[in-house]
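Data block below; observations after.
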Protein chains: 2
Amino acid sequence: MKVVALAGGVGGAKLADGLARCLSPDELTIVVNTGDDFIHFGLKICPDLDTVCYTLAGIANPETGWGRGGETWNTLCALETLGAPTWFQLGDQDLATHLERTRRLAEGETLSEVTRFFCQRWGIRHRVQPMSDDPMQTIVETDLGDLSFQEYFVKYRFEPSVRGFRFEGAAQAKAAPGVLEAITSCDVVIFCPSNPWVSIDPILAVPGIRQALLRARVIAVSPIIGGKALKGPAAKMFSEIGIPPSAQAVALHYGSLLTGFVFDRLDAGEEMGIRSLGLRTLITDTVMKSPADRQRLATQILTFAQQELLS
Amino acid sequence: MKVVALAGGVGGAKLADGLARCLSPDELTIVVNTGDDFIHFGLKICPDLDTVCYTLAGIANPETGWGRGGETWNTLCALETLGAPTWFQLGDQDLATHLERTRRLAEGETLSEVTRFFCQRWGIRHRVQPMSDDPMQTIVETDLGDLSFQEYFVKYRFEPSVRGFRFEGAAQAKAAPGVLEAITSCDVVIFCPSNPWVSIDPILAVPGIRQALLRARVIAVSPIIGGKALKGPAAKMFSEIGIPPSAQAVALHYGSLLTGFVFDRLDAGEEMGIRSLGLRTLITDTVMKSPADRQRLATQILTFAQQELLS
C-alpha cells in the first residue's frame with residue numbers, strides 16, 4: 001500500500017515514525033510543514049523537518065519530542081553571556097543541522113536536496129519531503145499583532161489570543177518535486193495528529209496540493225482528545241477562532257477533503273456526529289507514549305485504510 | 001601617552017594585551033585587521049578581532065593563542081557526522097560570538113558597534129576597533145590560484161607558494177569611525193609583531209590610514225626572529241616573494257612609515273643595517289611566553305617610545 005503522510009511537529013513525527021515501522025521505504029512518503037521555518041542568527045531553521053527527521057533517525061530527545069537526545073547547550077550558555085536572544089533553544093548538536101543546512105542552501109541546493117542528504121547521513125530510508133522548496137511563512141494574527149509562528153509559539157509561548165492565520169508566500173510557492181506525484185499515485189493520504197491550523201493547513205495552502213487531495217482517499221487523525229491538545233495550541237486556537245475544540249471540530253475543519261477519520265476512545269461519544277459528516281471512523285487509543293504505541297496506532301490506521309480501499 | 005596599536009592575530013593580540021596592562025583605557029586604541037574576515041555557514045567570522053578580544057578578556061585558549069579556553073566541540077563533532085566542512089575549528093562557545101555578531105549585523109549594527117558591545121560584555125575596557133566597517137578581503141595569490149586568507153591559512157595550512165596579495169574592496173573601504181582620529185591625535189603608533197603581508201598591510205590599505213601614519217611616530221615590532229616567524233607564514237611569505245626573511249626585511253617592508261624598530265636579541269647582528277635605514281632601535285627579548293612577558297615587552301616599547309618623543 002502506498003501512503004503519503006502529512007506531518008507537522010512532535011505528534012506528526014511520532015505517527016510518521018510509526019508508519020515507517022510498518023511500511024517499506026517505497027511505500028511511504030512523509031510531507032512535512034515548512035511554514036514554521038525561520039531565519040535565526042542568520043541560520044535557516046526548519047523545526048518540523050528536524051523533529052520528523054530526528055524522530056525517524058532515533059536521535060530525538062525522548063522527553064521533549066523535539067531537539068536531540070543527549071544534547072548539550074554550551075553555545076546557548078555563551079549566547080546568554082552575550083545578552084543574545086535565547087528564546088529559541090539551540091542545542092549544540094542541533095546547531096550543526098542548521099549550520100550545514102544554511103551552508104548547502106547558500107551553495108544552491110534546494111531544501112528537498114538538503115533534506116534527502118541529511119536523511120542519508122542519519123540512516124533514514126523513508127522519503128521525507130518539505131512541502132515546498134520555496135519560502136512560505138505562517139503568520140499568526142493575534143491581539144499582539146502579526147507574529148511569525150516561532151515568535152508566537154516559542155517566544156510568546158502561544159499566550160497571545162489568535163484571530164486568524166495567513167501563509168505568506170503561499171501563492172508563489174510550488175510543491176516540492178515529487179509531492180504532487182506522490183499524492184496522486186498513493187492509495188491513501190494520512191493527516192497525522194498535527195495542529196490543523198498551523199501544521200496541516202500550511203501544507204494544504206501550497207498550490208496544487210489541495211486539488212491533488214480531492215482525488216485521493218484521505219484519513220485524518222485527530223490531535224484533539226477530550227477537547228484538549230496533548231501538546232501545543234491546537235485546542236486554544238479552535239476556541240479563540242470561536243469553535244469549541246473537539247474531534248468533530250477537527251473533522252469539520254478538514255471538511256470534504258476527508259474520507260476517513262481516526263479519533264480517541266475518550267471522544268467515542270462524538271462518533272455519530274462524525275459519521276453524519278459521511279466519514280468512516282476508527283476509534284482507538286491515539287496517545288503515543290512509546291515507540292510501540294506509534295507502531296500499534298500506525299498498524300490500526302493502515303488496517304482501517306485497507307478496509308476502506310476494499311469497500 | 002596616547003598609543004594606537006595595529007594588530008593581527010595571536011602575536012598582535014599578545015602585545016596588545018601587554019599594552020593594555022600598561023596603559024589606561026583612554027591611552028590605548030587597538031586597531032585590528034579584518035581582511036581575514038569571512039562568511040562560513042552563513043556566519044560572519046572575524047578571526048583577528050576574536051583573537052584580540054578573547055586575549056584581552058582573559059578568555060583565550062592559552063595553549064593555542066586563538067579560540068577560547070575551556071572550549072568544547074560538540075557542534076563541530078555533529079558537523080563532522082553530517083560530512084560538513086570542518087577545516088575551520090568552530091568551538092561551541094566561539095560559535096556564540098559568530099552567531100550574535102551575525103544577528104546584530106543583520107539588524108543593521110556596524111562591526112564597530114558589535115565589537116564595542118562584545119567588549120562591554122567581556123569586561124574589556126580598552127578600545128578595540130576593526131580597521132573598517134566595510135568588507136575587505138585579503139586574497140593570497142598562490143600557485144594553486146587565488147585563495148581567501150582563511151582558505152590559504154587554515155584549509156591549505158599555508159602550504160601553497162605565495163606570488164602576491166591583494167585586498168579586495170580596499171578602494172571602497174572607509175576607516176572605521178575614530179580610527180583616523182586616533183592615529184592623528186596619538187603620540188605613537190605601534191605595529192604589533194603581526195604578519196606584515198596579511199595582518200598589517202591590509203590595515204595600511206584602508207584609504208586614509210597610510211596617509212595618517214605618515215604624520216605619526218610609528219614603531220614596528222618584528223615578527224621575524226632568527227629568520228623565522230614564531231607562528232604562521234610570515235617568513236615563508238618573505239622567501240616566496242623573493243626576500244630573505246629577517247628583522248631588517250620587516251623594517252624595509254614598512255619603509256619610510258617607521259621611525260623606530262623593535263627586534264629580538266637573536267637578530268642583534270642586524271642592528272647596523274636597520275639603523276642605516278634611519279631608524280632608532282630597541283633590541284630585546286620579543287618572544288611573549290607568559291602574560292608577564294607581554295607586560296615586560298610593552299613596558300620596554302613604551303619607554304623606548306617615550307625616549308623618541310623626548311628626542
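List of remarks:
- Taking a straight Cα-Cα cut-off under 22 Å and skipping sequence neighbours fewer than 8 places away in the same chain, the lysines within cross-link reach of residue B:174 are B:44.
- Karplus-derived 3J(HN,Hα) values for segment A:285-299, using 6.51 cos²θ - 1.76 cosθ + 1.60 with θ = phi - 60°, are 7, 9, 7, 10, 8, 9, x, 5, 4, 4, 5, 5, 4, 4, 4 Hz; glycine and proline are entered as x.
- Magnitude of the charge dipole for segment A:1-158, about its Cα centre and with charges confined to Cβ atoms of Lys, Arg (+1) and Asp, Glu (-1), is about 520 debye.
- Under 5 Å from the amide H of residue B:73 lie the amide H atoms of B:92, each residue being 5 or more positions distant or on a separate chain, with H modelled from the backbone and absent for Pro and chain starts.
- ³J(HN,Hα) computed for each position of segment A:94-103 - Karplus, 6.51 cos²θ - 1.76 cosθ + 1.60, integer Hz, glycine/proline x: 4, 4, 4, 4, 5, 5, 6, 4, 4, 5
- Amide H contacts for residue A:262 (H built 1.01 Å from N in the peptide plane; partners 5 or more residues away or on another chain; cut-off under 5 Å): A:220, A:221, A:222, A:282.
- Projected over all directions and averaged, the alpha-carbon convex hull of chain A occupies 15.1 nm².
- Farthest towards the positive end of the charge dipole of the protein assembly as shown, among the residues A:250, A:65, A:7, is the Cα of A:65, using unit charges on the Cβ of Lys, Arg, Asp and Glu.
- Gyration tensor (alpha-carbon) shape descriptor, segment B:243-282, a/c threshold 1.5: oblate
- If you sort the three axes of the alpha carbon gyration tensor as a ≥ b ≥ c, you get a/c of 1.5 or more for segment A:28-112 and a/b no higher than b/c, which makes it oblate.
- Segment A:213-278, relative contact order in percent, only Cα pairs under 8 angstrom and at least six apart counted: 40
- Taking the number of Cβ atoms within 10 Å of each Cβ as an exposure proxy, the fewest-first ranking of A:29, B:55, B:184, A:142 is B:184, A:142, A:29, B:55.
- Value of relative contact order over chain B, rounded to a whole percent, pairs C-alpha under 8 Å and six or more apart: 20
Just so you know, all these numbers are worked out from the coordinates, no wet-lab data involved. These figures come from a predicted structure and were not determined experimentally. Here Cβ is always computed from backbone atoms with ideal geometry, including for glycine, and neighbour counts include all displayed protein chains.
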